[in-house]
Each structure stands twice: as structure tokens, then as C-alpha cells.
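Q: Below: one structure in C-alpha cells.
No lab work stands behind these numbers, since they all come straight from the coordinates. This one's a predicted model, so the numbers in the text were calculated from it and none came from an experiment. We place every Cβ from the backbone using ideal geometry, glycine too, and count neighbours over all the protein chains shown.
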Amino acid sequence: MNSGNSLMLFRKLKNKSQNQIAKRLKTSQQYISELEKQPHIKDEIIDKFLHALNSNRDEWEKFKKLLP
């Protein structure tokens, strides 16, 4: 599974909307939508996304291991 799809599923697991994440990152909902379509996302962007979800790398890595 690509990075964008994984982030989308993780965001939904955390019960957050694209709009909520966009506001926390001070960006647009459209940017979040496009980000969630990307096959590869830089680590620094993933870290910002995780911070906006009140999460961290450890939780993210555990989540990714559950994905197909």
C-alpha cells in the first residue's frame, strides 16, 4: 500500500477529517487530499501529518504492519 493511502486510513482511524488536518497544518483541504493520493511522501511531511493527528512514528509503524 502506498504512503498516501496509508495516511488516509490512519487519519480515518483517528477519526479526523481532511479539513481538521489541514487547519492544524495551516494548509488547504485540497492539499491533504492530494497528499493522500501520493505513492511516496517525504518523512518530514509524514511527521507533520502525524503530529497533526496527535500521533508519532511508533504508532504509525505499528499501524503500517497491520496493512496488507
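Q: Taking θ as phi - 60°, what are the ³J(HN,Hα) couplings along region 51-68 by the Karplus curve (6.51, -1.76, 1.60), each to the nearest whole Hz, with x for Gly and Pro?
A: 4, 5, 8, 6, 10, 8, 4, 4, 5, 4, 5, 4, 4, 4, 5, 7, 7, x
Q: Counting only helical runs of four or more DSSP H residues, what would the 222 nm mean residue ellipticity of the chain come to if each run contributes -39,500 (n - 2.57) and the total is spread over all its residues? Write down the numbers at each step before the final one.
A: Values: 5 runs with 46 residues, N = 68.
Value at 222 nm, helices only: -19500 deg cm²/dmol.
Q: Would you work out which of 15, 31, 52 lies farthest towards the positive end of the dipole of region 3-66? Charges go on Cβ: Lys and Arg +1, Asp and Glu -1.
A: Farthest towards the positive end: 15.
Q: Only Lys, Arg, Asp and Glu count, each charged at its Cβ (+1, +1, -1, -1), so figure out the dipole size of the chain about its Cα centre, rounded to 20 debye. Spell out each step's value before the answer.
A: Values: 14 positive and 8 negative charges, 49 e Å.
Charge dipole, the chain, about its Cα centre: 240 debye, nearest 20.
Q: Roughly how compact is region 3-66, stated as its Cα Rg over 2.2 N^0.38 Å to two decimals? Before the final figure, lay out the partial values.
A: Values: Rg = 10.5 Å, N = 64, 2.2 N^0.38 = 10.7 Å.
After normalising by residue count via 2.2 N^0.38 Å, the value is 0.98.
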